1. For the chain, give me every cysteine whose Cβ has no other Cys Cβ within less than 4.7 Å, ordered by residue number.
2. How would the range 171-276 be classified by its alpha-carbon gyration tensor: rounded, prolate or oblate, with rounded meaning a/c under 1.5 and the a/b versus b/c comparison settling the rest?
3. Suppose every Lys and Arg Cβ carries +1 and every Asp and Glu Cβ carries -1, with no other charges. What dipole size does the range 134-221 come out with about its Cα centre, to the nearest 20 debye?
4. Determine the per residue accessible area of the chain with all protein chains present and a 1.4 angstrom probe, expressed in square angstrom.
5. Quick one: if the Förster radius is 45 Å, what FRET efficiency do residue 172 and residue 267 give, using the C-beta to C-beta distance and rounding to 0.05?
6. So for 267, 21, what's the accessible-area order with a 1.4 Å probe, most first?
7. Please arrange 20, 169, 262 by accessible surface area, largest first, computed with a 1.4 Å probe and ligands excluded.
8. With the chain treated as a Gaussian network of Cα nodes joined by springs under 10 Å, which of 199, 14, 170 yields the largest mean-square fluctuation?
Amino acid sequence: MATGHFNASPRWENDIHGPTDSIYLRMREINRCNHRDFQNMGVNGARSSSMADGIVQTLKRNPNQDQPVFLILELVGNDVCNGHPGTSHMTPPDEYYAAQLKSLRHIDSVVPKGSHVMAVGLADARFLYNTLHDRVHPLGALRNDVKYPDFYAYLNCLGVSPCWGWMNTNETWRNITTEWANSLNAQLQKLVETETFENFDIIYNQYDIQAAAKIWEAKGGEAWQLIEPVDGFHANQVANALGTEVFWSIIKSNKPDWIPPTNPHNDEITKKFGDQGGY
């Protein structure tokens, strides 16, 4: 939802269904000088420690010559999600705080003064089981005999689940995983409220797929349609586009000064340079 730019159709129309929207596209629409000025450092499976110890260092910006950035630091699950039973591989709150602070200190050393950062907390992924538990997984489509709880249990039996805690038929463990995620969110919120940074201001935002689901249901959709059907875990293309709408609304309501005025020369820029292949 941060930097998506290619329309899914026609390039991936057989695989990806739904609109393309992102914070980048909206910023580009406001100011065509933002054309292709984005970085996506997303790594599937990353947690706060891997971000702090390596991934964040791929951020490139000249603090003296470049324009300020709008950066989203979003690690929504992997500090509690893994394939190991129990909580032994979940990130302890103090380590989470230290890792997130380390990432933000590095960001502060790289970005130009006047930048903005949105720090996003972990999701409450009980939404997955609550939404899918009575639905048939694609593996059971022929005979309607494999539902998502069966699929989750199978992955856990094999020890290959991407998230033992939330993709679990045991409600107690789903709740424990959410409680752990909430404890990490409390650390991130405390960090945002108490630490100071030289080159950016920062807000905390809770990752809330329920808000996206409400928008979708108001349009006549159903919540299960926002989850990738094969893995029963990740938000799909539609959910990511709706997430952009949710985030943009939060920015407009809480930090309207983060949204720059429309560039009056946008039409001239487009006329002179065209779309240069799009996005």
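The values are calculated or read from the model by the stated rules, or taken from the named source; none is laboratory data. Keep in mind that this is a model prediction, so the values were computed, not measured. Every residue, glycine as well, gets a Cβ built from its backbone with ideal geometry; the counts of neighbours run over all protein chains shown. For accessibility, only protein heavy atoms count, side chains too; no ligands or nucleic acids. Shrake-Rupley method; radii C 1.70, N 1.55, O 1.52, S 1.80 Å.
1. So far as the 4.7 Å Cβ criterion goes, 33, 157 stand without a partner in the chain.
2. Details: a/c = 2.58, a/b = 1.30, b/c = 1.99.
Oblate.
3. 480 debye
4. Here the residues of the chain average 52 Å² of exposed surface.
5. 0.15
6. Details: 267 125, 21 40 Å².
Solvent-accessible surface, decreasing: 267, 21.
7. Solvent-accessible surface, decreasing: 262, 169, 20.
8. Maximum among the listed residues: 14.
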